[in-house]
Amino acid sequence: MRNIKSRYFETGKLSTLETLLKVKLGSISRSLEEQLSNTSIEQLDELTVNILNINSEEDVMKLLH
């Protein structure tokens with residue numbers, strides 16, 4: 001049960017971050033969507049905290065590496 005809740009929580013974080021990035025950037029590439037789906041929960045948190053500093057997909061990639 002814990003694993004199901006954890007996965008649901010992670011999916012929600014990913015979905016929220018993708019929505020925020022689409023609002024901020026206008027759209028995001030399929031490549032970035034795939035990269036985000038393979039990103040750790042800690043990195044998703046880092047991107048979410050820094051959403052105001054992101055102005056391009058390149059900014060996202062810099063924060064991921």
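Just so you know, all these numbers are worked out from the coordinates, no wet-lab data involved. From a predicted model like this one, the values you see are computed outputs, not experimental measurements.
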Handout entry: Rel. contact order, % - alpha carbon contacts under 8 angstrom, at least six apart, the chain
Key = 34 percent
Practice task
Return the Cα extents of the chain along principal axes one, two and three, sorted largest first, each rounded to a whole Å.
Solution key: 38, 20, 20
Practice task
Under a 10 Å cutoff between Cα atoms, tell me which one of LEU25, LEU44, LEU14 has the largest fluctuation in the Gaussian network model of the chain.
Solution key: LEU25
Handout entry: the chain - mean residue ellipticity at 222 nm from DSSP helices (-39,500 (n - 2.57) per run, n ≥ 4, rounded to 500)
Key = -23500 deg cm²/dmol
